[in-house]
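**Student:** One structure coming up, written as structure tokens, with questions to follow.
The values are calculated or read from the model by the stated rules, or taken from the named source; none is laboratory data. Since this is a predicted model, take the numbers as computed values, not measurements. Don't worry about glycine lacking a Cβ; one is built from the backbone with ideal geometry, like all the others, and counts go over all protein chains shown. SASA here: full protein model, heavy atoms, side chains in, ligands and nucleic acids out. Shrake-Rupley method; radii C 1.70, N 1.55, O 1.52, S 1.80 Å.
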Amino acid sequence: MGLALAEKLAAFCRELNEDVLAGMVSGTDLEATYRRAAAAVRSGDPGPGIEADLDRLDELMRAVEGTGFYPDEPRAYRPLDGSRGRGPGALWWACPTGLCAGRGRVRPQQEPPTCGALGQVLRPRPLAP
């Protein structure tokens with residue numbers, strides 16, 4: 001089971017908050033790929049070629065760092081028997097534009113993370129059942 005595009009976009013958005021990947025591609029043939037992907041995500045309309053660009057960037061990071069920016073194992077929520085139709089009650093940091101998969105569970109007194117692509121604060125939203 002592979003990652004959905006929204007999960008790949010969320011991973012890339014986190015990388016936009018850091019300088020690691022940007023430094024890795026600087027002066028290489030993937031610098032244009034990184035700039036194109038960053039511009040596409042920041043525009044809010046990633047387009048059809050974004051997934052291939054993100055996959056190439058993840059491969060580079062895996063080759064250099066030993067681990068990519070995609071999570072190794074996709075996570076999924078499955079409701080317990082008898083709880084169908086009700087949400088889990090957990091909140092998830094969600095992208096303000098709905099472009100990506102967001103960034104993890106909201107914890108008490110946690111400062112909201114910022115979207116690396118748009119610079120906007122992520123919003124707490126219920127985790128969908």
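**Student:** Would you kindly state how much longer the chain becomes between Arg62 and Ala4 on full extension, computed as 0.36 nm times their sequence separation minus their alpha carbon distance, in nm to one decimal?
**Tutor:** My answer for the length gained is 19.0 nm.
**Student:** Still on this structure, please answer the following. Please list Arg56, Arg107 in order of solvent-accessible area, largest first, computed with a 1.4 Å probe with all protein chains present.
**Tutor:** Largest to smallest exposure gives the sequence Arg107, Arg56.
**Student:** While we're on this one: Quick one: compute a quarter of the convex hull surface over the Cα atoms of the stretch 1-67 and quote it in nm².
**Tutor:** Reported value for the Cα convex hull: 4.5 nm².
**Student:** What does the charge add up to near Val20, with Lys and Arg as +1, Asp and Glu as -1, over the other residues with Cβ less than 12 Å from its Cβ?
**Tutor:** Every neighbour counted, the sum reads -3.
**Student:** Could you grab the relative contact order for the stretch 1-56? Cα pairs under 8 Å, six or more apart, rounded to a whole percent.
**Tutor:** 36
**Student:** Can you work out ³J(HN,Hα) from phi for every residue in the stretch 3-17, in order, using Karplus 6.51 cos²θ - 1.76 cosθ + 1.60 and θ = phi - 60°, giving whole Hz and x for Gly and Pro?
**Tutor:** 7, 6, 4, 4, 6, 5, 5, 4, 5, 5, 4, 5, 5, 5, 7
**Student:** Computed FRET efficiency, Cβ-Cβ of Ala52 and Glu111, R0 35 Å: what is it to the nearest 0.05?
**Tutor:** Once rounded, the FRET efficiency stands at 0.55.
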